[in-house]
Number of protein chains: 2
Amino acid sequence: MLGLRKMLEMETYLKHDDWKIWEDHFHVDKNEVTESIMSLGNGKFGLRGNFEESFTGPSLPGSYIGGIWFPDKTRVGWWKNGYPDYFAKVINSVNWIGINLAINGKILDLGTCRFTSFYRELNLKTGILSKTCKIEWEEGKYLHISSRRFCSVDSPHFAQIHYEIRLENLSGKVRLSSYLNGVVRNKDSNHDEHFWEEVFQMADHEMGYVQVKTKPNPFEVPQYQVGVGMKNSCTQNGTLIEPLEEIKSMRAFHHFDVPAQDGDSISLTKTVVISHTLDHKAENLYSYTENALIQAPAHLEEDHIQAWEKAWEEADIQIEGDLSAQIGIRFNIFHLLQTYNGKDARLNIGPKGFTGEKYGGVTYWDTEAYCIPFYLSSCDFSVAKNLLMYRYRQLPKAIENAEKLGFSDGAALYPMVTMNGEECHNEWEITFEEIHRNGAIAYAIYDYTRYTGDENYVKEFGWEVLVAISRFWEQRVQWSDAKKAYVILGVTGPNEYENNVNNNWYTNYIAVWTLKYTLECIKKYKKQVDKTEKWQAIIDQMYFPYDQNRMVFLQQDGFLDKELLNVDQIKEHRPINQKWSWDRILRSCFIKQADVLQGIYFFEEDFDLETVKRNFDFYEPMTVHESSLSPCVHSILACRIGQIDKAYEMYLRTSRLDLDNYNQDTEDGLHITSMAGTWLSVVKGFAGLKVRGTQVEAKPNLPSHWKSLSFSFRTVEGVKRIRIENERFEIKNI
Amino acid sequence: MLGLRKMLEMETYLKHDDWKIWEDHFHVDKNEVTESIMSLGNGKFGLRGNFEESFTGPSLPGSYIGGIWFPDKTRVGWWKNGYPDYFAKVINSVNWIGINLAINGKILDLGTCRFTSFYRELNLKTGILSKTCKIEWEEGKYLHISSRRFCSVDSPHFAQIHYEIRLENLSGKVRLSSYLNGVVRNKDSNHDEHFWEEVFQMADHEMGYVQVKTKPNPFEVPQYQVGVGMKNSCTQNGTLIEPLEEIKSMRAFHHFDVPAQDGDSISLTKTVVISHTLDHKAENLYSYTENALIQAPAHLEEDHIQAWEKAWEEADIQIEGDLSAQIGIRFNIFHLLQTYNGKDARLNIGPKGFTGEKYGGVTYWDTEAYCIPFYLSSCDFSVAKNLLMYRYRQLPKAIENAEKLGFSDGAALYPMVTMNGEECHNEWEITFEEIHRNGAIAYAIYDYTRYTGDENYVKEFGWEVLVAISRFWEQRVQWSDAKKAYVILGVTGPNEYENNVNNNWYTNYIAVWTLKYTLECIKKYKKQVDKTEKWQAIIDQMYFPYDQNRMVFLQQDGFLDKELLNVDQIKEHRPINQKWSWDRILRSCFIKQADVLQGIYFFEEDFDLETVKRNFDFYEPMTVHESSLSPCVHSILACRIGQIDKAYEMYLRTSRLDLDNYNQDTEDGLHITSMAGTWLSVVKGFAGLKVRGTQVEAKPNLPSHWKSLSFSFRTVEGVKRIRIENERFEIKNI
C-alpha cells in the first residue's frame, strides 16, 4: 500500500501537514502547478497563486469573477449544422494583486532574483496564502519580503494583501507600486483577441479605481462591467507614507517612494473591492466600490478566518492514521468551498473553478453527477437547491437547443457546456451525442428530493424540467423493427473513448429511468401533462445490451466484438490519450471513465451485490481512468463489494490528483468538480453513508490502516456527526 | 422527362449550343458561378473566369499552378492524436491576366460601370474564353471592349490574352495597364496569412517579370518559387505604342498611354510565361522565362486550337437528340482534360482542379475510383499509369502515416487528402476511419491492369503497394469472439452520413478483395513476401452484415435498427446537410453517396443481376446523393438492371451538376472529379462498355429520346469508335 502511495506521489516538491501545504524553496519549473494548487477564492471571485511582484518566469496569470464571461468566436476545423457560434470563456479579469518593488530604480523580478530562502504556504484552515523570502539584492545586501493575502469569505467583495519588506545591509530609494491592471488577456483566446475594453480609471490619495467592460460581441451576450477599487496604506517603521497617484488606460497606481536605510521595514496593506454589473448597475459601480472601501470592516482578516472556521466545523472530514489521505480530502473540500457557496443561483461550478481557463464555460454535467451530493451534505440545503434552480432557469434555452437539433413539443436538451444555458461546445460526438447529460439533470432532482425529503422543488419547478427531458427521450428513441424494441442510436456515453455508438447501456437506462420518475411525479403531484402515452411503452420495451454468458450489461451494441484486454497489458502505452491515435482508442476496449458502472452507482438500489460485482470485475480491468471523474465511482463500488485495496487505490488517485499532478495537467488549473468525487468516495464509499430524509444508514468499510474516520453531515433534522473506528460507528446530533 | 430536366435546370441564365456556353447579359449576382464554369486550364496551370479589368463586384480571384501549394497551419477545434499539423492548400498565385483601363484618369470598374451590352462565352471546342461588351462611359459616350484568352494546351507554359477597345463618341487620355500581381491571397487561409513573399520583380521595354516564393513553413515543405513573365504588344489603329514600365513589390506593370479620339481602336496582346521550381532551379527561372518570351511561338493561338481539336477527336462523346445531355458531357470532358494531362507523375486531380480553393489538397480517392477509367479510355495509357506512379512514389509516406496511427511492418494507409503523400485532413471520423480509400488505391492497380492488359506496372511497382495495403488490412481487422469471424470496427464508409460504424460492408469487401488480389499477384509474379499466413484466414472468415429476409447486404452493423424511410418522405428537409443537425443525419437511414452500391459497381462480376437489383431497390430510395460522386454509380447500376428512367435522372444530375448549380455551391469551383463520374455513366452505363485488354464488350441501353451515342475509346489495340443507335451498335477501329 505504501508502494502504491509512493508511486502516486509524483509532485513531492510540495510538503504538507494535516492543514497546510508548503514549498520550502522555489521550484520555478513547477511554478504553474503551484499557482494552481495555491489558488484562492470566495465563491464570488478567485485567483491563481500568482506573485504580487514582477515575475518573468513561467506563469499563467489568472484572476476570475463568477458569472463574468465572454463569448469567444468558435474555432473549429469543419463546421457541422447545429454547432454553437461561440465558446463561452471564463475570462481573466483585472489583476488586483499587483505590487511592484524597485530599489534605486531597479525593479525586483522574482523570476531572475537570487533567493537565499523562499517559503510559501497555503493554509487550508484559514484560507490564507503567504510567502516569506530572502533575496540577495547585491552581494552581501539583502531584501526580506513577507506577504499574505486572502479573498474574504466573510465579506465576499473584499480581498486584502499584507505586504512587508525589510532591508538588510541595504539602503536606497525604495518604490512600492500597488496597482490595478485591466490590460490582461486569456491564454486560450481562440483568435488572440483581447476581451476587455476601457470604461474609466481614477486615482486619488484615498483610492485607485479601474472600471472595464467586456468587448462588444455579435451573440447578444451582455457586455459586463467590472469595477475594482483599492485602498493602500503604507508605513515606514510605523510612520504613514503618502502615495503618488498615477493612471494609465485601464490601470491605476499608488506609488510609495521611500528613502530607506538598512534595517528599515516598510509595510503595505492593500484592500480591494470587486464589483460588477451582475450585482450593480454600471453607473453605480464606482460609488458602490468607493463606499465599500471607506466602510471596509476593521477586522477583515479575523472575520475571514472565523468564517473559514465555521465552514470547516461542518464540512471537515477527519482521517486518523493516514496523513496523505487527510490532507488530500481537506485540500479538495477547501477548493470546493472556495469555488461555490450557493448564495447565487446564477452561478455554477466550473471544472477548473477560479484556478484556470481550461474548459471555458462553467457548467457541465459534473455539477449534477458529482457536486450536488457534496453540497447537500456540507452546506445549507439552499445551496443544492440553487444549483437545481440554475437549470430550471435555463430550461427555455435547453428547449431552444433541442429545437436547433430538430426536436419539438417542448423537448429539452441541456447543453454539454454552458454559461447562460446556450450550448458552447463543438465536437459533434459530444455536443450532439453525449445526451446522457440530460439524464443526470433529471437524476439530480431525484437525488435532492430523496436526500432532503423536500418535495417543494420538484412540485413547484423540477417537474417541468423532468417533463421537458422526458419529451426529449421520447423523441430521441426509435423503434427497431429488427430488435422489436426501442433503441437509442448514435450516442456517446460517459465513456468518451467510444463515440457515436448504438444503445449505450447507461444512456438507455437513465432515459427509461427519467420517463418512469417523471410519470411518478406527474401522478404524485397531480400535474396536467398530455401526450405521455408513448412513455410507458418505451419503459416497457427498451432494449438493453446484455451478455448472457458473462451476465453483465454491455456498454453498447457490438462491445463484445472488441478484443477484451486488461489495462496491465498496455502499461507502456498509458496514458492512451497521449500515446494512441484517436481511432485506436475508439476501437479498443479501454474505458476512459465509468460508464455501465456510473449507472450502477446512480441506481444502486436496482442491482444486487452479485450483479454489481460481476459488472465491476468485468469493467474495472478495462478502465484507464483518464477522466478525473472516474476513480471515485470505482472507489465507491469497490467499497460496496468489499474490494477495499482497490477502493483505496482509486481513492488516492482521486484525492491527490492535483497535489500529485497525476495527469500532468495541474498547471492548467485544478480539477474542481472531480474533487466532489473524492468527497463521495469517502462519504458514500468508505463510510457507506446513505441519507434519505430522516433515515440515515452507514455501512463503513475503512482501509485497514485508517484508525478512524469522522465527519459531519446535514440532514433534514439538522447537522449530525459520524465517527467510524474499525467497523463500529456512532452517529450523533450536533 | 422534360419536367425533370426543367426541374434540374436551375441556372438558366446561361445559354448553350452543343459546343459553347454563354451569357448574353451580365448577371453580376451569379458572377462567381460564371467564373467557376468559365475556368480555363492546361494541366500545368489554370484560372477562374475572372475579369482582366478592375472589378469590385462579387468575385473569387483564383489563378493556380499544378503542384504549387502551401502547408497552412491546421485549424481545428479539438485536437486528436494523429492529426496532421497542416492542411495543404492549393494556392492562389500571381494574377497574370490583369489589364486596367483608365480614360482621363478614371479607372474602369466592371462592377459599377453601365453596360449597354455584355456577352461572354466559353468555347469548349477551342478552349477560348471571350467577352465583348459595350459600356456607356458618360452619357452618349461609349467604350467597346472585346477580349479573348487561353492557357496554351500546345505549349503549356504559355498563356495569351487579346484585348481590344474602341471608342465611340469618346476621346481622351487612355491608359491601358497590363500587369502581373503577386500580392494575392487565399480566401480560405486558416489564419488569414499571406502565403507568398517577394523574390524580385523587373520591367523593361521588352518584358515585365515577377518572381515570388511561398513563405517559410515549419513543416519541412519546400518553399516553391514561381516566375511569371509578360510581353505586351499594344497598337493604336495599327501603330505600335511604347510601354512605360513600373515595378512595385511583387508587381510589374506595362502602362500604355494613348491620346485617343472617337473611333480609335487600341489593341493589346499580352503573352505570358509561367515557370516554377518544380521544373527549374530558382536561379534559372528568370532566364528561362525571358528566353521563352523571346522565342514565343508565332501562332500560339492556332496551335492551341489545333491541340484542342486533336484532343476532342479522341475524347469527344456525341449524343444526338438531347442537347442538354450533349453539352453536359462535353463540359465535363473539357474540364477533365484541362485539369490533368498526365504528363507529370507528380501531379494529380484535385476535386476543384484549377477552378477554386475549396477542399485544399489535391488528391482524394476520387482519382482512383472515378478518374482513372476516364483517362484510360480517353488518353494515352501513360496518363493513367502516371496516376498509379503518383501513389507508388508516395508509398513511403503512406507507411509513415500508418505508423503514426500505430501500425507496423510496412503497413500503409494512404491519406484521405494529400499533396505530397502526407495526410492533411483533420476530422477524426474521416482521416482515421475512412480507410476504404486504401482499397480504392489497390483496386485502381487491378482496373488499370485488366483494361490495358499491361502487367508491367503491377509486376514492377504495384505489387509493393498491394502488399503494404494488405498489411494494413491484416492489422486493422480483428477477430471477434462473439461473431467467430474477423470484423473491422470503427470505420466510415463511402457514405459519410454514417461515422465510426462497425463492419461497413463495402470496407470489409474491398479489404478481403485486396488480400485476395495481392496473394494472386504475389503468386503470379513470384514475389518473395513473408508473413502472409493470416491473409487467407481473413479472406475465409470475414464477417459481412446481411439481411436474410430482404436478401440484401447491410451497409453496416445495426443498419436495420434505423427507421427505413424513402427520400420522398423528407422532400422539404432536403438537402439534409443544410437542414438537419449532424446527429440527426447520422441516426437517419439516409445515404449521402453510394456505399454498398459502390462495391457492387466495382465488383460487378461478383454479383448476379437479381442481387444487384435487390440491393439497388433497397438502397436507391434512401440515397440523397449529397455527394457529387454518387449519382454516376446509381446511373450505371440502373442501366444494368434496366431502370433507364432512373439512370437518366441520375445522369442529368451528375452531368449538369455545375451547369445547373444543382448543389448551390458552384461558386466555390467545379466538381472536377465527379465529372469523371459523368463520363462513366455514359460509357459504362448507357453504352455498357467493358474493355478487358483485347476483349471489348458493349451492352447499350440508351434513353429513348437519344437518337444515337458515339464516342472513341482506347484499347491496347489502338483507338476504336463505337456508335450506338437504338439497340444496335457498331465498333470500328480508327
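The values are calculated or read from the model by the stated rules, or taken from the named source; none is laboratory data. Every value quoted in this text rests on a predicted model; they were computed, and no experiment measured them. Here the Cβ positions follow ideal geometry from the backbone for every residue, glycine too, while neighbour counts run over all protein chains shown. Quick note on the areas: whole protein, heavy atoms, side chains included, nothing else; ligands and nucleic acids left out. Shrake-Rupley method; radii C 1.70, N 1.55, O 1.52, S 1.80 Å.
Observations on the structure shown:
- Residue match in the stretch B:518-527 (condition: farther than 21 Å from B:Y601 by Cα, outside any helix (DSSP H, G or I) and touching a residue at least 12 places away in the same chain (Cβ under 8 Å)): yes
- Scan of the stretch A:424-451 for residues that are open to solvent by 10 Å² or more (accessible area, probe 1.4 Å), closer than 20 Å to B:E427 by Cβ and at pLDDT 95 or above, ordered by number: A:I430
- Checklist (1) open to solvent by less than 10 Å² (accessible area, probe 1.4 Å); (2) of a type outside the set (A, V, I, L, M); (3) under 27 Å from B:R149 (Cβ atoms); (4) touching a Pro at 6+ places or on another chain (Cβ under 8 Å) applied to B:D322, failing item: (3)
- Only one of A:I600, A:I570 that is more than 14 Å from every other protein chain (Cβ to nearest Cβ), assigned to a helix (DSSP H, G or I) and in contact with a Ser or Thr (Cβ under 9 Å, 6 or more places away or on another chain): A:I600
- Residue in the stretch B:418-427 that is of a type in the set (A, V, I, L, M), touching a Gly at 6+ places or on another chain (Cβ under 9 Å) and in the same structural domain as B:Y509 (by TED's automatic domain parsing) present: yes
- The residues of the stretch B:479-497 that are within 10 Å of another protein chain (Cβ to nearest Cβ), open to solvent by 10 Å² or more (accessible area, probe 1.4 Å) and part of a loop (DSSP other than H, G, I, E, B), listed by number, are B:D481, B:A482, B:K483.
- Residue identified as assigned by TED's automatic domain parsing to the domain that holds B:A384, part of a helix (DSSP H, G or I) and surrounded by 16 or more Cβ atoms within 10 Å (Cβ to Cβ) among B:Y662, B:Y619: B:Y619
- Number of positions in the stretch B:340-377 that are touching a Ser or Thr at 6+ places or on another chain (Cβ under 8 Å) and part of a helix (DSSP H, G or I): 5
- When residues in the stretch A:546-567 are screened for being away from every other protein chain (no Cβ under 11 Å) and in contact with a strand residue (DSSP E or B) (Cβ under 8 Å, 6 or more places away or on another chain), 5 of them pass.
- When the stretch B:635-652 is filtered for residues that are assigned to a helix (DSSP H, G or I) and either surrounded by fewer than 24 Cβ atoms within 10 Å (Cβ to Cβ) or in contact with a strand residue (DSSP E or B) (Cβ under 8 Å, 6 or more places away or on another chain) (or both), the ones remaining, listed by number, are B:R640, B:I644, B:D645, B:K646, B:E649.
- For the stretch B:168-274, the strands (runs of 3 or more DSSP E) that sit wholly inside it and include 1 or more residues that are touching a strand residue (DSSP E or B) at 6+ places or on another chain (Cβ under 9 Å) and basic (K, R) are B:172-181, B:208-214, B:225-236, B:244-248, B:251-260.
- Scanning the stretch B:498-517 for residues that are part of a loop (DSSP other than H, G, I, E, B) and more than 10 Å from chain A (Cβ to nearest Cβ) yields a single hit, B:N504.
- A count restricted to the stretch B:61-118 and to residues that are surrounded by fewer than 20 Cβ atoms within 10 Å (Cβ to Cβ), at pLDDT 95 or above and assigned to a strand (DSSP E or B) stands at 10.
- Picking from residues in the stretch A:395-439 that are part of a loop (DSSP other than H, G, I, E, B) and of a type in the set (V, I, T), the one that is nearest to the other protein chains (Cβ to nearest Cβ) is A:I435.
- Here B:C521 meets the list (1) open to solvent by less than 20 Å² (accessible area, probe 1.4 Å); (2) out of contact with any Asp or Glu (no Cβ under 8 Å at 6 or more places or on another chain); (3) under 30 Å from A:L586 (Cα atoms) almost entirely, failing just condition (3).
- Odd one out for A:V153 among (1) crowded, with 22+ Cβ neighbours inside 10 Å; (2) part of a strand (DSSP E or B); (3) not charged (D, E, K, R): (2)
- Across the stretch A:122-171, the number of residues qualifying as more than 19 Å from A:K310 (Cβ to Cβ), touching a Ser or Thr at 6+ places or on another chain (Cβ under 9 Å) and among the aromatic types (F, W, Y) comes to 2.
- A:Y86 within 14 Å of another protein chain (Cβ to nearest Cβ), among the aromatic types (F, W, Y) and touching a strand residue (DSSP E or B) at 6+ places or on another chain (Cβ under 7 Å): yes
- Candidates B:L47, B:L8: the one that is touching a Leu at 6+ places or on another chain (Cβ under 7 Å), among the aliphatic types (A, V, I, L, M), modelled with pLDDT of 95 or more and not assigned by TED's automatic domain parsing to the domain that holds B:D645 is B:L47.
- Any hit, the stretch B:256-263, residues being closer than 27 Å to B:F45 by Cα and buried (at least 16 other Cβ atoms within 10 Å of the Cβ): no
- Qualifying residue in the stretch A:16-24 (condition: surrounded by fewer than 24 Cβ atoms within 10 Å (Cβ to Cβ) and farther than 22 Å from A:L657 by Cβ): yes
- Any hit, the stretch A:685-701, residues being of a type in the set (A, V, I, L, M), open to solvent by less than 20 Å² (accessible area, probe 1.4 Å), touching a residue at least 24 places away in the same chain (Cβ under 8 Å) and not in a loop (DSSP other than H, G, I, E, B): yes
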